[in-house]
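This report refers to the structure that appears directly beneath it.
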Amino acid sequence: GIREPAGFIFHMSRCGSTLISRALGALPRVTAISEAPSIDAMIQSGRSDWLRAIILALGRPRENHEDRYVVKFDSWNIHKLPLIRTAFPDTPWIFVLRDPLEVLASQLRSPGMHCLAGAMDPAILGMTFQDVISLSREEWSARVLAGFLCSALAHRGDPAGMFVNYRDLPRAIWGGIARHFGIEFDDDEVRRMQEMAQFHAKLPQQPFAADSEGKQLGAPESARALASELLERVYLQLSNDP
């Protein structure tokens, strides 16, 4: 049958959102739909009815034991939160964030598509063609990330929203996030998620190792200056309780 999603996951990239979706999806009764190209296509179409239809279709249970599903969006989809909220006005959502210098350092070392100027339509990122040809890779990346944070900040007062910091993971998954999404986990399910969280979210065969200090220390001075100038203020606004 048709089921409404339990929750939506938005994020600034490289901040633990994959860990959240993988941990939730590790449970047999929870389906985690992660950055589906068809969802992004419907968002870019601007049609909330099409978007609703595709998410409900993807959320149909494949097995009888599946009773919840969550959707993890592409990082740039935060710019279209009003459209998504129109399609699903009652669905709780989270925005995951992390110390911006650590995110910027990660993107400079191994860039995602949105941090490669010209790799996708700049308008989707709130950028322009002039930005593509005029900004350095560091400044492009910092401005793209700042755009994500500013779009999230515009919805700071939405009672359906919750802001989750990387430093509170993984405990927040079976704590505050579960409560926000209205999902109750038993002890066995929490143990299963805890076990999953011991491994690298992007490289599941590798044990997880904290890398915040390494990213902080390894960031070039120019990236440090950009994070301070463009990202730090809005990050701190999002990190503090409203």
query = Where only protein heavy atoms count, and the probe is 1.4 Å, what is the accessible area per residue for the stretch 90-165 in Å²?
reply = 39 Å²
ask   = Can you list the equivalent-ellipsoid semi-axes of the stretch 103-153, largest first and in whole Å, using the square root of 5 times each Cα gyration tensor eigenvalue?
value = 15, 14, 9
task = May I have the convex hull volume per residue, in Å³, for the Cα set of the stretch 1-125?
result = 105 Å³
ask   = Amide H to amide H under 5 Å from Phe199: which residues, 5+ apart in sequence or cross-chain, H placed 1.01 Å off N in plane?
value = Phe208
remark   = Projected convex hull area of the stretch 27-70, Cα atoms, direction-averaged, in nm², equals 3.0 nm²
note = 1/(1 + (r/R0)^6) with r = Cβ-Cβ of Ile124 and Asn165, R0 = 25 Å, i.e. FRET efficiency to nearest 0.05, evaluates to 0.45
ask   = How much net charge surrounds Asp121 when only the other residues with a Cβ under 14 Å from the Cβ of Asp121 are counted, with Lys and Arg +1 and Asp and Glu -1?
value = -2
message = Quick query: amide H of Ser13 versus all other amide H atoms, modeled in the peptide plane; which residues come in under 5 Å with a sequence gap of 5 or more or a different chain?
response = none
ask   = Out of the DSSP beta bridges found with both residues in the chain, what percent are antiparallel (nearest 5)?
value = 5 percent
ask   = Based on the alpha-carbon gyration tensor of the stretch 139-184 and its eigenvalue square roots a ≥ b ≥ c, which shape applies: rounded if a/c is under 1.5, prolate if not and a/b is larger than b/c, or oblate?
value = oblate
message = 7 Å from Cα along Cα→Cβ at both Asp186 and Arg52: what's the point-to-point distance in nm?
response = 3.5 nm
request  = Calculate one ³J(HN,Hα) per residue across the stretch 58-63 by plugging θ = phi - 60° into the Karplus curve 6.51 cos²θ - 1.76 cosθ + 1.60, and present them in order as whole Hz with x for glycine and proline.
outcome  = 5, x, 4, x, 8, 10
ask   = When ranked by the protection proxy of mean other Cβ atoms within 10 Å per residue, highest first, what sequence do the peptides 12-22, 129-139, 108-118 form?
value = 12-22, 108-118, 129-139
note = Residue span Gln194 to Ala154: 0.36 nm per residue of separation minus Cα-Cα distance leaves a gain in nm of 11.1 nm
note = With Val71 itself left out, Lys, Arg at +1 and Asp, Glu at -1 over residues whose Cβ is under 15 Å from its Cβ give +2
query = In the stretch 1-82, carbon and sulfur make up what percent of the accessible area (probe 1.4 Å)?
reply = 53 percent
key: Val164 long-range amide H proximity, modeled H, under 5 Å   = Phe95, Val96, Leu97
inquiry  = Please compute the Kirkwood hydrodynamic radius over the chain, one decimal place, Å, based on all pairs of different Cα atoms.
reply    = 18.5 Å
query = Which of these, Ala23, Ala223, Ala119, has the largest mean-square fluctuation under a Gaussian network model of the chain (Cα springs below 10 Å)?
reply = Ala119
note = Computed ³J(HN,Hα) along the stretch 168-181: with the Karplus parameters 6.51/-1.76/1.60, θ = phi - 60°, integer Hz and x for glycine or proline, the list is 8, 8, x, 4, 5, 4, 8, x, x, 5, 4, 5, 5, 7
inquiry  = If I take R0 = 35 Å and measure r between the Cβ atoms of Glu221 and Ser110 in this structure, what FRET efficiency does the formula 1/(1 + (r/R0)^6) give, to the nearest 0.05?
reply    = 0.95
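The values are calculated or read from the model by the stated rules, or taken from the named source; none is laboratory data. Source: prediction; values computed, not measured. Ideal geometry is used to build each Cβ from the backbone, glycine not excepted, and the neighbour counts take in all protein chains shown. All accessible areas refer to the heavy atoms of the entire protein, side chains included, with ligands and DNA or RNA removed. Shrake-Rupley method; radii C 1.70, N 1.55, O 1.52, S 1.80 Å.
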